[in-house]
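Colleague: Got a structure for you, questions after.
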Amino acid sequence: MRNNLAISIVLPSRGRPERLYKLLESIISTADDLTRIEVVVLLDRDDEKNYHRREFGELSCNFFIGDPGRTMGDLNYDCVAKANGDVIFFSNDDAVFMTPKWDTLLLSEISALPSSIYLMYPNDMFKGEKLCTFPIMNRKLLVDYPEIISRRYLGAFIDMHIMDIFKAYLLGRHIKYLHSIVCEHQHYRTNNALIDATYTK
């Protein structure tokens, strides 16, 4: 595993190997510099056999195994603990990166900030500016204040929790919506044909 990566894309995945591979391929095809990106994927122990590991060229993709049945908050926090990058980009296995050189655009936005305390989020083509579906934050902030990623949430509403924290305690000054960086959320609510066992659970 390479150290000192700038961006860590973190996500749990279950029952969706092909969708995960589509996500990884979209990162590879759109990123400007893969050597500053790592992907941290957390799989359930009882689902690991469904994922056939592949090589992803220059993209550092690290798979970890955990016990099934935990909350999404718990899974996401585990991903953060295993990440190396200064920038944590929370994703889902039903996302697809669409914007060329999104990593350079993102790091440029972060470099222009006066503080390391920030919440950024891309255009997910679903909730848009209303909700930070795929939150982007400083890793040190998440490590120092683990309650930002609450372990209580089974699945949904973590993004709302994060946004509420930033609005309540930071008056929204450190929140930035990145309209020009598109990370499409291919959710079943935008296409009923996508519904599967993971969504149902």
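The values are calculated or read from the model by the stated rules, or taken from the named source; none is laboratory data. Please read all numbers here as calculations on a predicted model, not as lab measurements. Reconstructed Cβ throughout: ideal geometry from the backbone, glycine too, with neighbour counts over all protein chains shown. Just so you know, the surface numbers come from the protein's heavy atoms only, side chains and all, with ligands and any DNA or RNA stripped out. Shrake-Rupley method; radii C 1.70, N 1.55, O 1.52, S 1.80 Å.
Colleague: Give the range of the longest stretch in the chain that excludes all GluC sites (Glu not before Pro) found in loop regions by DSSP and having at most 13 other beta-carbon atoms within 10 Å.
Modeller: 59-201
Colleague: Could you grab the relative contact order for segment 23-71? Cα pairs under 8 Å, six or more apart, rounded to a whole percent.
Modeller: 46 percent
Colleague: Please compute the per residue accessible area over segment 1-134 with all protein chains in place, 1.4 Å probe, rounded to a whole number of Å².
Modeller: Value for segment 1-134: 43 Å² per residue.
Colleague: Rank Val41, Ala168, Ile9 by how far each Cα sits towards the positive end of the charge dipole of the chain (+1 on Lys, Arg Cβ; -1 on Asp, Glu Cβ) and give me just the farthest.
Modeller: Ala168
Colleague: When the Karplus curve 6.51 cos²θ - 1.76 cosθ + 1.60 is applied with θ = phi - 60°, which whole-Hz ³J(HN,Hα) does each residue of segment 93-110 get, with x for Gly and Pro?
Modeller: Computed from phi, the couplings for segment 93-110 are 7, 10, 10, 9, 6, 10, 8, x, 6, 4, 5, 5, 4, 5, 5, 5, 5, 5 Hz.
Colleague: So who's got an amide H within less than 5 Å of the one on Asp32, skipping anything under 5 residues away but keeping other chains? H placed 1.01 Å off N, in plane.
Modeller: HN-HN under 5 Å from Asp32: Lys101, Trp102, Asp103, Thr104.
Colleague: Work out from phi, with θ = phi - 60° and the Karplus expression 6.51 cos²θ - 1.76 cosθ + 1.60, the ³J(HN,Hα) of each residue of segment 71-79, listed in order in whole Hz, and give x for Gly and Pro.
Modeller: Calculated HN-Hα couplings, in order: 6, 5, x, 5, 5, 5, 5, 4, 4 Hz.
Colleague: Around Thr104, what is the net charge, scoring Lys/Arg as +1 and Asp/Glu as -1 over all other residues with Cβ under 13 Å from its Cβ?
Modeller: -2
Colleague: Next question. How large is ³J(HN,Hα), in whole Hz, for each residue of segment 122-137 in order, when computed from phi with the Karplus curve 6.51 cos²θ - 1.76 cosθ + 1.60 and θ = phi - 60°, using x for Gly and Pro?
Modeller: So the J values, rounded to whole Hz, are x, 7, 8, 6, 9, 8, x, 5, 5, 8, 7, 4, 10, x, 10, 9.
Colleague: Tell me the carbon and sulfur percent of the accessible area for the chain, rounded to whole percent, probe radius 1.4 Å.
Modeller: Heavy-atom surface of the chain belonging to carbon and sulfur, 1.4 Å probe: 52 percent.
Colleague: Next up: What residues of segment 61-105 lie in the reach of a label at Ser111, counting those whose backbone N is under 13 Å from a point 7 Å from the Cα along Cα→Cβ?
Modeller: 103-105
Colleague: What FRET efficiency do you get for Glu25 and Asp164 if R0 is 41 Å and r is their Cβ-Cβ distance, rounded to the nearest 0.05?
Modeller: Plugging the Cβ-Cβ distance into 1/(1 + (r/R0)^6) gives 0.75.
Colleague: Follow-up. Explain nothing, just the number: dipole magnitude of the chain about its Cα centre with +1 on each Lys and Arg Cβ and -1 on each Asp and Glu Cβ, in debye rounded to the nearest 20.
Modeller: That gives the chain a dipole magnitude of about 300 debye.
Colleague: Along the charge dipole of segment 69-184, which of Asn138, Phe90, Ser180 sits closest to the positive end, that is, farthest toward it, with unit charges on the beta carbon of Lys, Arg, Asp and Glu (+1, +1, -1, -1)?
Modeller: Value: Asn138.
Colleague: Could you list the trypsin sites (Lys or Arg not before Pro) in segment 1-105 that lie in coil according to DSSP, counting only those with at most 15 other Cβ atoms within 10 Å of their Cβ?
Modeller: Here the trypsin sites (Lys or Arg not before Pro) that fit, given the DSSP loop and packing criteria, are Arg2, Arg45, Arg53, Arg54, Lys101.
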